[in-house]
Amino acid sequence: MIKMEKFLISKGPYAVDLASFNATWNETRWQGEPPPGAAKGSWHCTIRAVWFRRRRGETVASIGTLWKSFREAPVTALEFLEQHVDGRYGGDAVGRWDGDGYWGNVSLETQQEHLKILRPMLANYPAVPAGFDGWWKF
């Protein structure tokens, strides 16, 4: 990913919570034999993210995660972002606020946590929300 100097919604930018970076080792099956000496697994890395998009002509604010699997784990959130170059799957949204209603299949407590971020985020469009680093694009 590349950090943008200026917000452009057309570039599909994300703001990330650098402190939320997580890397978990997953044992995986190989299709065929792995290269000699290769570990039989991968690092599944995630980071919390928020983003704006247009839906039916309206700007909405979303919250979720960016993820990628690696053979060798990035050490820091910034390394993860720099090595994450394939944005075809985008962010995994778990909540969205359009100014009138909330979308998400989460507990009421989690919904309230999301709205504490998403309401001011949408009201202050296109500012980076407090506690997040942005804007990043693929």
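Of note:
- Selected residue (criterion: nearest to G57 (Cα to Cα)) from residues of region 104-118 that are open to solvent by 90 Å² or more (accessible area, probe 1.4 Å) and over 18 Å from the mean Cα position of the chain (by Cα): L108
- Number of the exception - N26 against (1) modelled with pLDDT under 95; (2) under 21 Å from F132 (Cβ atoms): (2)
- Among the residues of region 55-103, those identified as free of Cβ contacts under 8 Å to residues at least 24 places away in the same chain, over 13 Å from the mean Cα position of the chain (by Cα) and either within 28 Å of L115 (Cβ to Cβ) or open to solvent by less than 50 Å² (accessible area, probe 1.4 Å) (or both) are R56, G57, D100, G101, Y102, W103.
The values are calculated or read from the model by the stated rules, or taken from the named source; none is laboratory data. What you see is a predicted model; the values in this text were computed from it and never measured. Counting neighbours? That spans all protein chains shown, and the Cβs are built from the backbone with ideal geometry, glycine included. With ligands, DNA and RNA removed, areas are computed over all heavy atoms of the protein, side chains included. Shrake-Rupley method; radii C 1.70, N 1.55, O 1.52, S 1.80 Å.
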